[in-house]
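The structure appears below as structure tokens.
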Amino acid sequence: MIAENIQNIEENLKKTCLSAGRNPDDVKLIVVSKTFGTEKIVEAFEAGVVDFGENYVQELTEKRDALFGKNIHWHFIGHLQTNKVKYIADWIHLIHSVDSETLGAEIQKRAEKCKRTIDVLVEVNTSEEATKFGVKPEKAIELLKTVSGFTHVNLMGLMTIGPFTENKDESRASFKKLRSIFEEANHSGYLKHPLSILSMGMSHDFETAIEEGSTMVRIGTAIFGSRTKQLQ
């Protein structure tokens, strides 16, 4: 079932890209495996998925240890506390959720200690909902300037979580706002290199996100089904 769901998502991704005049190869699928067991991750991995997203550091490290040896790219997509960075700094593939200078500085410190450079995205709260994390849109450029200056942090792009709504216009507005910040940053001249990643779009809104330029979608329930496990 998981392999079939992945195939359906990939076909839908391709169809949406072609309809929007985009190359399907320009959109990466991140399978969100939070709260699902390692057996389901293995099933998805055997179906060809290598990029998995997790929201909680303890759960992520346990799964990484259990599946050590498999060529999995682990993405951290949840709110990251500064005191948890040390647990993932020497192996995380991409951190999607840098939302403050303090967190960026901690990632810089831990990356330097590990003698590596960590790829990150800056999370922007484009829907400006009080319950969500992410830098405010009007503060995003300032944070991008700061993070871009860190020597052991590689700023790759931006991430947002769209509103949980079936209203495509609301979702579209959120994604348009992130793309606008993305384009402003790339034309500003202060970045070490252009941003290349727009991580936006989930199971309920990834088609709209792709239409608005997403290069990375984070999909869990459409692949694994509804979550029944209690979230941490």
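Numbers for the structure displayed
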| read-out | value |
| --- | --- |
| Any pair with Cβ under 7 angstrom, 6 or more apart, that starts in segment 124-146 at a residue that is touching a residue at least 40 places away in the same chain (Cβ under 8 Å) and ends at one that is assigned to a loop (DSSP other than H, G, I, E, B) and surrounded by fewer than 15 Cβ atoms within 10 Å (Cβ to Cβ) | K145/Y190 |
| Residue check, T35 at pLDDT below 95 and buried (at least 17 other Cβ atoms within 10 Å of the Cβ) | yes |
| Qualifying helices (runs of 4 or more DSSP H) (wholly inside segment 1-70; at least 1 residues being in contact (Cβ under 8 Å) with a residue 40 or more places away in the chain, in contact with a Pro (Cβ under 6 Å, 6 or more places away or on another chain) and at negative phi) | 2-19 |
| Condition check for L155: part of a helix (DSSP H, G or I), out of contact with any Pro (no Cβ under 7 Å at 6 or more places or on another chain), buried (at least 17 other Cβ atoms within 10 Å of the Cβ) and at negative phi | no |
| Number of positions in segment 30-40 that are out of contact with any strand residue (DSSP E or B) (no Cβ under 6 Å at 6 or more places or on another chain) and among the hydrophobic types (A, V, I, L, M, F, W, C) | 1 |
| Those residues of segment 63-100 which are touching a His at 6+ places or on another chain (Cβ under 9 Å), of a type outside the set (G, A, S) and closer than 21 Å to V50 by Cα, in sequence order | I72, H73, W74, H75, F76, I77, I92, H93, L94, I95, H96 |
| Residues of segment 38-55 classified as aromatic (F, W, Y) and in contact with a helix residue (DSSP H, G or I) (Cβ under 9 Å, 6 or more places away or on another chain), total | 1 |
| Residue in segment 90-106 that is assigned to a helix (DSSP H, G or I), touching a Phe, Trp or Tyr at 6+ places or on another chain (Cβ under 8 Å) and surrounded by 14 or more Cβ atoms within 10 Å (Cβ to Cβ) present | yes |
| Subset of segment 176-206 (residues that are part of a helix (DSSP H, G or I), surrounded by fewer than 17 Cβ atoms within 10 Å (Cβ to Cβ), touching a residue at least 24 places away in the same chain (Cβ under 8 Å) and not acidic (D, E)) | K176 |
| Residue list for segment 212-232, filter: surrounded by 13 or more Cβ atoms within 10 Å (Cβ to Cβ) and part of a loop (DSSP other than H, G, I, E, B) | E212, G213, S214, T215, G220, G225, R227 |
| Residue among M202, M159 that alone is of a type in the set (A, V, I, L, M), in contact with a strand residue (DSSP E or B) (Cβ under 9 Å, 6 or more places away or on another chain) and over 18 Å from L80 (Cβ atoms) | M202 |
| Criterion (small (G, A, S), crowded, with 24+ Cβ neighbours inside 10 Å and either at negative phi or in contact (Cβ under 8 Å) with a residue 24 or more places away in the chain (or both)) met by exactly one of A209, A173 | A209 |
| Number of positions in segment 107-132 that are within 30 Å of N167 (Cα to Cα) and surrounded by 15 or more Cβ atoms within 10 Å (Cβ to Cβ) | 9 |
| Extreme residue, surrounded by the most Cβ atoms within 10 Å (Cβ to Cβ), among residues of segment 158-170 that are among the charged types (D, E, K, R) and more than 14 Å from S203 (Cα to Cα) | E170 |
| So G104, is it closer than 21 Å to G220 by Cα and touching a Ser or Thr at 6+ places or on another chain (Cβ under 7 Å) | no |
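The values are calculated or read from the model by the stated rules, or taken from the named source; none is laboratory data. Because the structure is a prediction, the values reported are computed rather than measured. Using ideal geometry, Cβ is built from the backbone for each residue, glycine included, and neighbour counts are taken over all protein chains shown.
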